[in-house]
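See structure below.
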Amino acid sequence: MNRLVCTACGESFGLDEPRWRCSCGGLLNLSWQCVFEPKQTAGRKPTMWRYREAIPLGDSSPIVSFDEGLTPLLCIELEDMPVWIKQDHLFPSGSYKDRGAAVLVSKVADLGIDRVVEDSSGNAGAAIAAYCARAGVSCAIYVPESTSPAKLAQIRAYGADVHRIPGTREDTAQAALEAAQTTYYASHSWNPFFFHGTKTFAYEVCEQLDWQAPDAVVLPVGNGTLLLGAALGFRELHATGVTTHVPKLVGVQAERCAPLYHAWRDGRDTPRHVRQGDTIAEGIAIAAPARGGQLLSAVRESGGEFIIVDEAEIEAALRTMWRMGYYIEPTAAATIAGLYRYVHGRERDELIVSTFTGHGLKAVGKMAHFDE
Ligand SMILES: *Cc1c(COP(=O)(O)O)cnc(C)c1O
Ligand SMILES: [Zn+2]
C-alpha cells in the first residue's frame, strides 16, 4: 500500500494529503511498493526521470524538471586507489539537492499548492527556489545569517523571499517550522518526497556500473538527505532483484559538528545534541539532524561506518581537487577528505563510489581567503 506512515505512532495518510509530518509531530516515511525493472529505461532521455516507475508520483502528476540527473560517474585515483566520483556538482542549481527538489516540487505542483517554505544553509534553498521558479510556485526560504553571499544571491535570483535568521542553523530551522504552521513545508529533512528524489543517486550509480551495486559508498552527512536517499535506492534495487547486495554506507561528518559520529561510536540509537562548531563545511554543520535515528540504523544495517574529518583535511582535499580540475565547494571537500581516510590502506579490489555534492561557484565569497 502506498502511504505516508508515521515513524512515531504508526498512523498513516494517503499520498494525496498535503502532509509533511504526522498530527502527533512524528516524522513520516513513504511506504512504497516499488516496481522498477532496468529494461524500462531503454530509449529514455539521460535524466533521473528514466527511473520514473520508481518515483512515487501518480501517473498524471506534472513533472517539474530541467532534464536533470544522470551526472557523469568518473574514475579518479586517490592514493593509488581507483574510486568512482559522481559529479553531482553539475546539477542545474549546482548541487545534488536538485534530485530531491525535482521530485518534491513535482509533488507540490500535483497537490495544487502555490506557496511553500523551506530552510537551508544555502543549497537546499537554492534547489527548492529553482524548481519553484520552474513550476510557478512562490517560496519563502529561511537561511542562517552566515549563509555564503553567492548562495543568498542565487536564492534571490530565482525570485524567492529570503529570510535571514540570526543565531544557529537550528534557530533557522525553528523559524521555518513556525512558518510551516500555515504553509506547506518543502523541507529536505522532514518531507519524505525529497528522499525519493535523492534516491535516484543509487539508481544512476548502479546503472552506470552495468546494474551492479558498489561495495562501499562514501557520502556526506549533515541532515543525511543524500545518504538516506541513497540507502533507500540501494535497498529498493536489492529488494526488486536488480542488484545482489546493498553497499556499505560510509557517512562523513565535520569533526566540529559530528553528532552522528559520536552516537555511532558510543553505540547509541539517537544522537545527542552537540554545539555547532564553526567549519568551512557549512552545508553539513547540523547539530540536531531530524532523522538522526534513521541515519544511525541505515549505516549500521549496511555494515558501514561514520568518519570525521578536521578542518585541515577538508582544506587539503579541497585544494587537491581544485588542482586536479574539479571546482567544488568546501562542504563537498569534506566528503572527499572522508574518502581519503576511507581508502587509506584499503584493498584495491573494493568498488568505492563517492560524490562531489556542490559546485565551487557556490562559495566564491568564502573562498576568496584561500587565494595565495
Ligand atoms: C546538502 C549538502 C550536503 C549534505 O547535506 P545533508 O545535510 O546531509 O543533506 C553536502 N554537500 C553539499 C554541497 C550540500 O549542499
Ligand atoms: Zn504520528
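Just so it is clear, none of the values below were taken in a lab; they were calculated from the coordinates. Here the structure is a predicted model, which is why all the values come from computation and not from measurement. Quick reminder, even Gly has a Cβ in these numbers, built from the backbone with ideal geometry, and neighbours come from all protein chains shown.
Structure notes:
- Distance between the C-alpha centres of segment 189-223 and segment 75-143: 14 Å, rounded to the whole angstrom.
- Most to least packed among 172-184, 347-359, 127-139 [average Cβ atoms within 10 Å]: 127-139, 347-359, 172-184
- Residue 179 paired with residue 35, simple spin-label distance in nm, labels 7 Å along Cα-to-beta-carbon: 3.9
- Between 56, 166, 92, the GNM of the chain built on Cα springs shorter than 10 angstrom shows 166 fluctuating the most.
- Qualifying trypsin sites (Lys or Arg not before Pro) in segment 218-299, where qualification requires a DSSP coil assignment and no more than 10 other C-beta atoms within 10 Å, comprise 275.
- P(r), alpha carbons of segment 68-226 - 5 Å bins starting at zero, rounded %: 2, 9, 18, 21, 19, 12, 9, 6, 3, 1, 0
- Over the Cα atoms of segment 228-372, the radius of gyration divided by the Kirkwood radius equals 0.98; this is the Rg/Rh ratio.
- Sparsely packed trypsin sites (Lys or Arg not before Pro) within segment 1-109, loop by DSSP, other Cβ within 10 Å at most 12: 44
- Point-to-point label distance, residue 9-residue 138, nm (Cα→Cβ direction, 7 Å offset): 3.3
- The translational diffusion coefficient of the chain, from Stokes-Einstein at 25 °C and 0.890 mPa s with a Kirkwood hydrodynamic radius over alpha carbon pairs, comes to 121 µm²/s.
- In plain terms, the chain from residue 80 to residue 244 could stretch by 56.3 nm, reckoned as 0.36 nm per residue minus the Cα-Cα distance.
- Sum of -39500 (n - 2.57) over DSSP H runs of 4+, divided by residues of the chain (222 nm, nearest 500): -10000 deg cm²/dmol
- The chain: most fluctuating residue of 201, 66, 193 per GNM, C-alpha cutoff 10 Å: 66
- Gyration tensor (alpha-carbon) shape descriptor, segment 1-150, a/c threshold 1.5: oblate
- The calculated FRET efficiency for the pair residue 324 and residue 349, based on their C-beta separation and a Förster distance of 35 Å, comes to about 0.90.
- At the listed q of 0.16, 0.20, 0.28 Å⁻¹, the Debye profile of segment 137-181, built from one uniform point per Cα, gives log10 I(q)/I(0) equal to -0.40, -0.61, -1.03.
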